[in-house]
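Student: I have a structure I would like to understand better, so I am pasting it below and will then ask my questions one at a time.
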Amino acid sequence: MAEHRRARTASITRRIQKAVSTGELQAETDATALGELYAAALHGISVQARDGAKRKRLMAMTPLLVSLMQSNLAH
C-alpha cells in the first residue's frame, strides 16, 4: 500500500511539473510540494471514505482542492 501511495504521489508530481514546464501553472510553483499536498489530500479522502464518511462531505472538499490548483494557474 505504501508503494502505491508513493507511485501515486510521483505521478501527480510529474503531471504538475509538466504543467509548470508548459506554462499551465506559474513558473514559481513548487511542483513537489503541490504534488505531495494533493496526494495527501487524496489519501485522506480515501481513508475517510473507507471509514464511512458521507459522500456529500467528501465532495465538499473538491472545490477547495481545485481552488488550490487554480491559485497557481499561469496568468
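The values are calculated or read from the model by the stated rules, or taken from the named source; none is laboratory data. Treat the numbers as computed from the prediction; the structure is a model and nothing was measured. All Cβ positions, glycine included, derive from the backbone under ideal geometry; neighbour counts span all protein chains shown.
Student: Based on what the data block shows, is GLU3 loosely packed, with under 13 Cβ neighbours inside 10 Å and modelled with pLDDT under 95? Reasoning before the result, please.
Tutor: On the way: loosely packed, with under 13 Cβ neighbours inside 10 Å: yes; modelled with pLDDT under 95: yes.
Yes; evaluated as a whole, the condition is true for this residue.
Student: Just to verify a result, which residue in the stretch 26-75, among those that are surrounded by 15 or more Cβ atoms within 10 Å (Cβ to Cβ), among the hydrophobic types (A, V, I, L, M, F, W, C) and within 19 Å of ARG15 (Cα to Cα), is modelled with the lowest pLDDT?
Tutor: MET69
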